[in-house]
């Protein structure tokens, strides 16, 4: 996996910009733009595909009260399938607002859940004190440093590095008024290929 410095150096070879020895802290305007485009690309790539490297599991512990429970830090969205389970049994989502407010709060083993944006989750019945609910989700933190930002030149992306490079190239060319259509098409082709490969590598229960 390439570091962000190696990615930026690879981009520079393709767009005719001097190859830098530092990237993240480089204050030259062109490199600031390249770093911004690399961040935008990483955010897009993480958003468009449910990458196995971004999968995580959080545990929510019941308080015995009808709370809105905080979702794990970095939560972006639930995984496909039975993302929420209680006692090993799936908890069903997809409850409308009208259905949700019509249910009288009670404690017990959750059968339904409702995600409130990207910050909290609610259950019906709400979990009893010290009981646990498992939540499988995709994190928005695509960098090896545990965030959604480049912090050091040694940082690597958890999503495919060739996508970061190609996405940075077409964004830079677009900003510079150059023809970027071939690079955008290549980016989309690589995205489709990597997405399909990643899906084949997942275990059946992921």
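The values are calculated or read from the model by the stated rules, or taken from the named source; none is laboratory data. Predicted model, so just to flag it, every value in this text is computed and none were measured. Because the Cβ atoms are built from the backbone with ideal geometry, glycine has one as well, and the counts that use them run over all protein chains shown.
Before moving on, here are some points about what is shown:
- Yes/no for residue 22 being surrounded by 12 or more Cβ atoms within 10 Å (Cβ to Cβ), out of contact with any strand residue (DSSP E or B) (no Cβ under 8 Å at 6 or more places or on another chain) and in a loop (DSSP other than H, G, I, E, B): yes
- Entirely in region 96-206, the helices (runs of 4 or more DSSP H) that have 1 or more residues that are in contact with a strand residue (DSSP E or B) (Cβ under 7 Å, 6 or more places away or on another chain) and within 30 Å of residue 14 (Cα to Cα): 161-175
- Filter pass, residue 122 being farther than 15 Å from residue 59 by Cβ and crowded, with 16+ Cβ neighbours inside 10 Å: yes
- Scanning region 53-90 for residues that are within 26 Å of residue 159 (Cβ to Cβ), modelled with pLDDT under 95 and out of contact with any strand residue (DSSP E or B) (no Cβ under 7 Å at 6 or more places or on another chain) yields 73, 80, 81.
- Given (1) part of a helix (DSSP H, G or I); (2) in contact with a helix residue (DSSP H, G or I) (Cβ under 8 Å, 6 or more places away or on another chain); (3) assigned by TED's automatic domain parsing to the domain that holds residue 126, index of the condition residue 76 fails: (1)
- Any chance residue 92 is out of contact with any helix residue (DSSP H, G or I) (no Cβ under 6 Å at 6 or more places or on another chain), surrounded by 14 or more Cβ atoms within 10 Å (Cβ to Cβ), in contact (Cβ under 8 Å) with a residue 12 or more places away in the chain and at negative phi: no
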